[in-house]
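The structure appears below as structure tokens.
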Amino acid sequence: MKTIKDKIAKLSFVALLLAVTSAMFYTPAASAHGEKSQAAFMRMRTIHWFDLDWSTDEVAVNEQMTISGKFHVFAGWPETVDKPEVSFLNIGIPGPVFIRQGSWIGGQLVPRSVTLELGDTYEFKVLLKARRPGDWHVHTMMNVEGGGPIIGPGKWVTVTGTMGDFVNPLTTLTGTTLDLETYALDNVYFWHALWMSIGAAWLWFWVKRPMFIPRHIAVSSGKADTLISPLDKKVAMGFAAGTLGLVMFSLGATNEQYPITTPLQAGLMRGIKPIEMPETTVTVKVEDATYRVPGRAMQMTLTITNNGDSGIRLGEFNTASVRFLDADVTEDESGYPDDILAEEGLTQSDNSPIAPGETRTIEVTASDAAWEVYRLADLIYDPDSRFAGLLFFFDEDGNRQMTMVDAPLIPSFI
Amino acid sequence: MSASQSAVRSRAEAVQVSRTLDWMILFTVFTVILGGYHIHYMLTGGDWDFWTDWKDRRLWVTVAPIVSITFPAAVQACLWFRYRLPFGAVVCVLALMIGEWINRYLNFWGWTYFPVNFCFPSNLIPGAIILDVVLMLSSSFVLTAVVGGMAWGLIFYPGNWPIIAPLHVPVEYNGMMFTLADLQGYHYVRTGTPEYIRMVEKGTLRSFGKDVAPVSAFFSAFVCIIIYFLWHFFGRWFSKTDFIDGEGL
């Protein structure tokens with residue numbers, strides 16, 4: 001009986017080990033980037049992305065796609081996040097499934113970090129070339145030094161084809177055309193293999209003879225000096241001379257082969273041009289704002305003054321990349337991701353046009369499951385309970401004006 | 001067999017057991033160093049060793065030798081002090097580089113698809129051989145620290161230049177000049193590694209014009225001497241045998 005129990009115990013232990021070991025082989029692809037986990041105030045009060053366009057949602061390996069649009073650097077930037085004086089326009093993808101062939105802000109190529117000004121709006125474009133097949137969530141992203149990654153909206157893009165077909169051709173200033181995907185790979189392998197072989201040879205010279213116990217006995221009994229022979233010293237000198245010779249030879253040969261090389265390029269880029277936004281003719285005052293936890297809805301009382309010469313209507317509230325639209329006023333035609341688009345998410349107590357010169361106070365409700373799904377409701381747990389976002393107004397001809405709102409938010413739990 | 005009898009019955013058997021123990025100890029030492037040194041180097045050298053667009057002529061040259069001379073100094077002290085074995089530095093660096101290659105190939109390339117020509121490790125073998133040879137010939141830790149430590153820092157850049165030089169060829173791209181290494185960093189997107197954390201070409205060595213690497217290497221070499229001293233004491237301490245006074249028990 002005891003034998004059977006022991007066998008069962010042993011087998012169980014083996015099965016447990018196998019289960020734990022096999023778990024290592026379960027490595028599903030990361031599908032998204034924790035965008036919902038980022039603190040709500042970071043997404044609401046830093047960079048506001050809008051007018052985004054993903055040029056396609058399916059692309060073959062080696063084909064290009066672009067993400068373009070605008071971002072507004074919020075003037076009420078939170079004190080707890082460093083200002084975007086050193087920022088990098090990045091792209092949120094799970095590793096190099098695309099290569100970034102270009103990125104521009106205000107028409108300027110931005111391969112390096114840039115300085116952004118609070119309150120300005122910038123146009124941007126990122127050019128990607130598909131590399132690895134799969135379904136990838138492609139996000140806009142701005143990294144801010146001292147603030148971390150500020151992630152924008154993401155859209156699923158399917159890459160088809162085979163990664164083995166991917167090429168990344170370039171022509172250097174010395175006139176050589178190469179494929180950066182595999183360039184100089186043989187050279188890397190060759191030098192590493194050569195040097196590791198030399199290191200292994202040195203090791204082998206010593207480990208082929210008795211090592212630890214006899215040598216320890218010899219050292220302990222005061223015969224340490226007998227352990228290194230004159231031949232050992234000659235071999236050692238040979239290794240040292242060979243090493244120095246090979247380093248010098250390879251250095252000279254390399255400089256001959258690559259006479260023109262330059263240091264790595266680095267540095268901050270300043271003076272990035274913002275968009276000249278048209279003077280807004282709408283002023284908005286937030287009288288109060290509450291977030292109703294049970295209803296997953298934010299209610300704002302807004303006093304809007306139209307200083308323009310044609311009637312305007314509020315059509316969209318955009319915060320943390322979630323767009324709440326009033327379907328009576330506007331609709332999305334850009335193919336914006338469904339999960340962050342509330343096509344009928346914006347309701348108003350009165351959405352009739354506000355006449356030129358008129359001031360009107362209205363109740364606006366932005367409601368959608370996205371408040372919960374995208375964890376924006378967590379704003380009520382922030383130490384600085386404020387919200388912010390973009391309001392878009394439309395006149396009778398469809399012209400659009402953008403204004404910012406930034407105000408305290410009071411949670412309502414009943 | 002009583003407790004007073006030997007476990008081996010002949011000299012041949014004793015030699016066989018001794019060699020078996022040699023291989024077991026070597027294997028254990030190798031894998032322990034592979035893990036410990038690898039973690040240490042990844043935490044301290046990190047991105048400078050990961051990416052070609054971090055391998056610059058100032059900070060990579062300075063940081064990588066300083067943080068990598070640690071384990072070789074300690075292991076050299078142990079192996080020389082206890083066994084008169086002069087391969088402490090090479091065994092460390094071989095273990096490190098094998099570990100790094102496993103990591104770069106299986107993880108960086110196999111898992112996340114960064115090309116190997118973008119994420120290969122630095123070559124530390126030339127410095128390790130010089131360090132071992134200096135210790136063996138001088139049998140002095142002071143000389144090894146001063147001469148070997150300095151050589152470790154000085155030989156790092158020329159020992160790596162044949163590997164990275166092809167990636168420092170300039171290219172014009174959308175109206176700006178890059179090296180191919182810069183373009184690798186730009187093309188192969190690292191979502192969690194924005195450009196501004198790249199610590200390259202920073203510092204105040206402008207008066208040395210383009211010849212910055214030798215100045216950085218000399219500075220690194222001087223610091224390597226100090227770090228060698230410090231870590232060789234760790235090695236000595238770690239390999240010391242202390243006996244407890246029986247009366248105190």
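The values are calculated or read from the model by the stated rules, or taken from the named source; none is laboratory data. What you are looking at is a predicted structure, and each value in this text was computed from that prediction instead of being measured. Neighbour counts are summed over all protein chains in view; Cβ atoms, including those assigned to glycine, are modelled from backbone coordinates with ideal geometry. The area values use the complete protein model at the heavy-atom level, side chains included, leaving out ligands, DNA and RNA. Shrake-Rupley method; radii C 1.70, N 1.55, O 1.52, S 1.80 Å.
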* If R0 is 56 Å, what FRET efficiency do you get for residue A:268 and residue A:343 from their C-beta distance, rounded to 0.05? -> 0.85
* **Positive-end extreme of charge dipole, chain B - chosen from B:68, B:86, B:31 (charges on Cβ)** => B:86
* Structure fact -> Of the accessible area of chain B, computed with a 1.4 Å probe and all protein chains kept, carbon and sulfur make up a percent value of 70 percent
* Structure fact -> Between the modelled labels at residue A:285 and residue B:143 (7 Å from Cα along Cα→Cβ) the distance in nm is 8.7 nm
* Asked: Could you give the dipole magnitude of the protein assembly as shown about its Cα centre, charging the beta-carbon of Lys and Arg +1 and that of Asp and Glu -1, in debye to the nearest 20?
  -> 4860 debye
* Accessible area drop of at least 40 Å² (1.4 Å probe, protein heavy atoms): which residues of region B:89-111 qualify, relative to the chain alone? -> B:94, B:101, B:111
* **Peptide-level mean, for A:235-246, of C-beta atoms on other protein chains within 10 Å** => 4
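In region B:150-249, what trypsin sites (Lys or Arg not before Pro) fall in a loop by DSSP, with at most 11 other Cβ atoms inside 10 Å? Numbers along the way, then the final one.
Details: sites: B:190, B:198, B:202, B:206, B:210, B:236, B:240; in loops: B:190, B:198, B:202, B:210, B:240.
Taking region B:150-249 and a limit of 11 other Cβ atoms within 10 Å, the loop trypsin sites (Lys or Arg not before Pro) found are B:210, B:240.
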* Structure fact -> Measure of exposure for residue A:125: accessible area at 1.4 Å probe, Å² rounded to 10, is 90 Å²
* Asked: By what distance, in whole Å, do the Cα atoms of chain B stretch along each of the three principal axes, largest value first?
  -> 84, 41, 38
* Structure fact -> Out of A:237, A:361, A:111 - ranked by how far each Cα lies towards the positive end of the dipole of chain A, with unit charges on the beta-carbon of charged residues - the top one is A:237
* **Debye, to nearest 20: dipole size of region A:262-367, +1 on Lys, Arg Cβ, -1 on Asp, Glu Cβ** => 580 debye
* Among B:52-65, B:132-145, what's the highest-first ranking by average C-beta atoms within 10 angstrom per residue? -> B:52-65, B:132-145
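Please compute the per residue accessible area over region B:23-75 with all protein chains in place, 1.4 Å probe, rounded to a whole number of Å².
32 Å²
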* Structure fact -> In terms of the charge dipole of region B:91-216, which places +1 on Lys and Arg and -1 on Asp and Glu at the beta carbon, the residue among B:107, B:160, B:126 farthest towards the positive end is B:107
* **Between 0 and 90°, nearest 10: helix A:185-207 axis offset from chain A longest Cα axis** => 40 degrees
* Asked: Once all Cα-Cα distances of region A:179-257 are split into 5 Å bins that start at 0, what whole-number percent is in each one?
  -> 3, 11, 14, 18, 14, 11, 9, 7, 5, 4, 2, 1, 0
* Cα to Cα, under 16 Å, and not fewer than 8 places away if on the same chain: which aspartates and glutamates meet these conditions relative to residue A:36? -> A:338, A:339, A:368, A:372, A:378, A:382
* Asked: To the nearest 100 Å², how much accessible surface do chains A and B hide from each other in total, with a 1.4 Å probe?
  -> 7900 Å²
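Over the protein assembly as shown, what number does the Rg to Rh ratio reach, with both radii from the alpha-carbon atoms and Rh per Kirkwood? Working shown, then result.
On the way: Rg = 32.1 Å, Rh = 29.3 Å.
Computed over Cα atoms, the ratio is 1.10.
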* **Reach of residue A:208 by Cα under 19 Å, taken over aspartates and glutamates that are not fewer than 8 positions away in the same chain** => A:232, B:13, B:22, B:132
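Taking only the Cα atoms of region B:1-133, how large is their convex hull per residue, in Å³?
On the way: hull volume 19.7 nm³, N = 133.
Taking only Cα atoms, region B:1-133 has a hull volume of 148 Å³ per residue.
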* What dipole magnitude, in Debye to the nearest 20, does region A:126-226 give about its Cα centre under +1 on Lys/Arg Cβ and -1 on Asp/Glu Cβ? -> 500 debye
* Asked: Taking region A:118-156, which chymotrypsin sites (Phe, Trp or Tyr not before Pro) meet the DSSP loop condition and have no more than 11 other C-beta atoms within 10 Å?
  -> none
* Heavy atoms only, probe 1.4 Å: what % of the accessible area of chain A goes to carbon and sulfur, would you let me know? => 56 percent
* Asked: For region A:40-170, taking Cα atoms only, what is the radius of gyration to one decimal and the Dmax to the nearest whole Å?
  -> 15.1, 48
* Distance (nanometres) between label positions extended 7 Å along Cα→Cβ at residue B:17 and residue A:205 -> 3.3 nm
* Asked: For the Cα atoms of chain B, what angle does the longest principal axis make with the long axis of helix B:212-238, in degrees from 0 to 90, nearest 10?
  -> 20 degrees
* To do: DSSP loop (so not H, G, I, E, B), at most 16 other Cβ within 10 Å: list which chymotrypsin sites (Phe, Trp or Tyr not before Pro) in region A:1-103 pass both filters.
  => A:25, A:26
* Check cross-link reach from residue A:5 to the lysines: straight Cα distance under 20 Å, and skip same-chain residues fewer than eight apart. => none
* Asked: Mind checking the angle between helix B:88-102 and chain B's longest principal axis? C-alpha axes, 0 to 90 degrees, to the nearest 10.
  -> 50 degrees
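If I stretch the segment between residue A:332 and residue A:193 completely, what's the gain in nm (0.36 nm per residue apart, minus their alpha carbon distance), one decimal?
Working: separation 139, 0.36 × 139 = 50.04 nm, distance 5.73 nm.
Extra length available between residue A:332 and residue A:193 comes to 44.3 nm.
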* For chain B, set up a Gaussian network in which alpha carbons nearer than 10 Å are linked by springs, and say which option among B:219, B:208, B:118 fluctuates the most. => B:208
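Averaged over all directions, how much area does the convex hull of the C-alpha atoms of region A:308-410 cover when projected, in nm²? Write out the running numbers ahead of the final one.
On the way: hull surface 27.4 nm².
The directionally averaged projection comes out at 6.8 nm².
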* Asked: With respect to the cross-link table entries A:83/B:55; A:233/B:55; A:83/B:202; A:83/A:155; A:83/A:125; A:10/B:240, which display a Cα-Cα separation exceeding 31 Å?
  -> A:233/B:55; A:10/B:240
